[in-house]
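Take a look at the structure set out below.
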Amino acid sequence: MGNRTNVCARLGYKVMAFEPQKNVFEYLQRRFKDKPQIIRLNKAVDEKAGWAEIIIPEADGLSTMSREWIDRAKESGCFTEIH
């Protein structure tokens with residue numbers, strides 16, 4: 001987790017990394033503790049401001065606010081950890 005964030009930081013970009021899952025966020029905090037160019041935020045991003053339900057399946061690193069995405073992921077069989 002955080003591989004794309006790491007690549008962008010290594011290329012010299014300042015990165016804002018949003019991660020809503022507490023355990024994943026804590027991992028990213030530890031991984032990037034010595035990289036001040038990576039701003040880590042324990043938040044989710046949506047198209048509009050406000051509060052929304054976030055769906056966090058058993059698989060770490062997967063989360064969404066879209067029921068449609070969950071339904072399509074289940075149908076595809078790609079994410080067997082989604083219940």
| field | Set L11, L62: member being over 26 Å from G77 (Cβ atoms), out of contact with any helix residue (DSSP H, G or I) (no Cβ under 7 Å at 6 or more places or on another chain) and aliphatic (A, V, I, L, M) | value | L11
| Considering residues of segment 6-40 that are polar (S, T, N, Q) and more than 23 Å from M65 (Cβ to Cβ) only, the residue surrounded by the fewest Cβ atoms within 10 Å (Cβ to Cβ) | Q37
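Read-outs throughout are calculated quantities, based only on the coordinates presented, and are distinct from any laboratory measurement. This structure is a prediction, so every number in the text was calculated from the model and none was measured. Cβ atoms come from the backbone with ideal geometry, glycine included; neighbour counts cover every protein chain shown.
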